[in-house]
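In what follows, a single structure is set out as structure tokens and then discussed.
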Amino acid sequence: MSTAPNDYLLHLADNAVVLGQRDAEWCGHGPILEEDLALANVSLDLIGQARLLYQLAAARSGGGATEDSLAYFRDDTAFRNYTLLELPNHGALVGYAASDRDYATTIVRNFLYSALMVLLWDALQKSPDADLAAIAAKSLKEARYHLHHAADWVVKFGDGTEESHARAQAALDHLFPYTEEFWTPSAAEDAAIASGAAVDVRTLRAAWDAIVADTLAEATLKRPEVRGYVPEGKQGRHSEHLSYLLGEMQGLARAHPDGTW
Amino acid sequence: MHATIDDIWSALDHLTDPEIPVVTLRELGILRDIRETADGIEVVITPTYSGCPAMGQIEDDVRASLRQAGIEARVVTQLAPAWTTDWMSDEAKAKLRAYGIAPPHTTPSDTSVIRFVRRADTRPVACPQCGSTNTTLSSQFGSTACKALYKCLDCQEPFDYFKPY
């Protein structure tokens, strides 16, 4: 049976846990109560997906690894998430950014990522790696609701007021270049494709473009022109933001190793 | 005394979902199977949403009930096939409605058309209070990940809708 390499499982798990942590920063700070709840629920799904993937990776790697050791005791350069997902919930702190929390940034990021994940989980649920396929089948159901939620808000913001439109477009301009990373396979992705357990994510690009084009057209937003630097977070070369995020996420576990309550 | 599979089902039949105490784990399809294996009896449970915080409690409840009934069995978690709201019995759906939660529609059959997923499900959701289908979605996510928040435009009551999953 072909099984996905562990580095590939960690790439999927790290994506989910890092975005789960970012979305959870809205807990208690949501722009309205319903969105506070929505983001907490999206985070819960993402952290749940990460747990299943870390558990699988830990069981396969042996050597005493656990889901907790993988989430809390690896350093920033060991993380394999897309750079897009570790960025703060705001763009540059100028212009429209009135605070360090900008909901348009959060929504646009969730949209760009969940539009990819509905396609990737759909493909991975047919993987010959039965354990990965089982996780993908569950995660797909959740990703559909995440996409539904985010795309709805992209349309509301884009086709809303002058200010909401401008903020949504600014968030899109800020985040879109980071999606280039989706389409450049890492060593782990290449190994997963070679093993037969994963699909080449580049084959999903046309479908992703279609989802994005469809939603942006309805939202009256403009897809930014992208060229230049391609981020390499999934290869362990991150922005400085990941270290701060992990500092917060891992601090308690590292201060009290093996702590239980 | 050696407990039969039927004995175990009845020992666990009273267990309800910690967050929706009117429906049992069996009716929800979370308690999936009880089977004899070479190493003894296995009680199979399946998670609903990946991050459902009730799963830990559910597993503890199952173990406690087994212990109380003096039954030796292992509790195992199985992911595939993925849990779906389609496994919910009609009886369970009726209980949800009586409790004030609109029960889930069947999952949309053509989920492959991902591009239009946003507009795929336009089926009306009936208000569990007054039965009106003149209702509107307030939020994709309600009190838990498995529910959406709706409002009835006739009786003006807000209510939870158990989402098709």
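The values are calculated or read from the model by the stated rules, or taken from the named source; none is laboratory data. Note that the coordinates shown come from a computational prediction; the quantities given were computed from them, not determined experimentally. In this analysis, Cβ positions are derived from the backbone assuming ideal geometry, glycine residues included, and neighbour counts consider all displayed protein chains.
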Those residues of the stretch B:128-165 which are hydrophobic (A, V, I, L, M, F, W, C), surrounded by fewer than 17 Cβ atoms within 10 Å (Cβ to Cβ) and touching a Ser or Thr at 6+ places or on another chain (Cβ under 7 Å) amount to B:L153, B:C155
For the stretch A:2-20, indicate whether the set of residues that are modelled with pLDDT under 95 and touching a Pro at 6+ places or on another chain (Cβ under 7 Å) is non-empty.
yes
Enumerate the pairs (first residue in the stretch A:191-207 and at positive phi; second residue anywhere and not in a helix (DSSP H, G or I)) with beta-carbon separation below 8 Å, excluding pairs fewer than 6 apart on the same chain, so at least 6 apart or on different chains.
A:G196/A:S2; A:G196/A:P128
In the stretch A:116-148, residue nearest to the other protein chains (Cβ to nearest Cβ) [restricted to those that are among the hydrophobic types (A, V, I, L, M, F, W, C) and over 18 Å from the mean Cα position of the chain (by Cα)]
A:A134
Lone unmet requirement of (1) at pLDDT below 90; (2) not in a loop (DSSP other than H, G, I, E, B) for B:D6:
(1)
Can you go through A:A188, A:A197 and tell me which one is more than 16 Å from A:F111 (Cβ to Cβ), part of a loop (DSSP other than H, G, I, E, B) and small (G, A, S)?
A:A197
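Check the stretch A:42-54 and report whether any residue there is small (G, A, S), over 20 Å from A:E180 (Cα atoms) and in contact with a Pro (Cβ under 8 Å, 6 or more places away or on another chain).
Let us first name the residues in the stretch A:42-54 that are small (G, A, S), namely A:43, A:48, A:50.
Subset that is over 20 Å from A:E180 (Cα atoms): A:43, A:48, A:50.
Still in the list and also in contact with a Pro (Cβ under 8 Å, 6 or more places away or on another chain): A:48.
So far as the stretch A:42-54 goes, yes, one or more of its residues are small (G, A, S), over 20 Å from A:E180 (Cα atoms) and in contact with a Pro (Cβ under 8 Å, 6 or more places away or on another chain).
Name the residues in the stretch B:14-57 that are part of a helix (DSSP H, G or I) and under 19 Å from B:G142 (Cβ atoms), would you?
B:L28, B:A54, B:M55
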Take the conditions under 17 Å from B:C146 (Cβ atoms), modelled with pLDDT under 95 and crowded, with 21+ Cβ neighbours inside 10 Å and apply them to B:T16. Does it pass?
no
For the stretch A:81-93, state whether one or more residues are over 27 Å from A:V199 (Cα atoms), surrounded by fewer than 17 Cβ atoms within 10 Å (Cβ to Cβ) and modelled with pLDDT under 95.
yes
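Looking only at the stretch A:8-50, which residues are farther than 22 Å from A:L87 by Cβ and surrounded by 20 or more Cβ atoms within 10 Å (Cβ to Cβ)? Walk me through it before giving the result.
To start, the set of residues in the stretch A:8-50 that are farther than 22 Å from A:L87 by Cβ comprises A:8-9, A:32-34, A:37, A:48.
Within the stretch A:8-50, A:Y8, A:L9, A:L37, A:G48 meet the criteria.
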Assess whether A:F157 counts as being assigned to a helix (DSSP H, G or I), in contact (Cβ under 8 Å) with a residue 40 or more places away in the chain and within 14 Å of chain B (Cβ to nearest Cβ).
no
At pLDDT below 95, over 30 Å from B:R35 (Cβ atoms) and out of contact with any helix residue (DSSP H, G or I) (no Cβ under 9 Å at 6 or more places or on another chain) - does that describe any residue in the stretch B:111-119?
yes
Condition test on B:Y150, is it under 18 Å from the mean Cα position of the chain (by Cα) and either modelled with pLDDT of 90 or more or not in a strand (DSSP E or B) (or both)?
no
One residue is enough: does the stretch B:38-53 have a residue meeting the conditions out of contact with any strand residue (DSSP E or B) (no Cβ under 8 Å at 6 or more places or on another chain) and more than 14 Å from chain A (Cβ to nearest Cβ)?
yes
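Determine if the stretch B:59-68 includes at least one residue that is at pLDDT 90 or above, surrounded by 15 or more Cβ atoms within 10 Å (Cβ to Cβ) and part of a loop (DSSP other than H, G, I, E, B). So that I can check it myself, show each step before the final result.
Narrowing the stretch B:59-68 to residues at pLDDT 90 or above: B:59-68.
Narrowing the set further to residues that are surrounded by 15 or more Cβ atoms within 10 Å (Cβ to Cβ) leaves B:59, B:61-62, B:65-66.
Within this subset, residues satisfying the condition of being part of a loop (DSSP other than H, G, I, E, B) are none.
No, that holds for no residue.
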Of the residues in the stretch A:184-211, those that are surrounded by fewer than 19 Cβ atoms within 10 Å (Cβ to Cβ) and under 26 Å from A:D102 (Cβ atoms) number 1
Being at the interface with chain B (Cβ under 10 Å from one of its Cβ atoms) and of a type in the set (D, E, K, R) is true for just one of A:E35, A:E25. Which residue is that?
A:E35
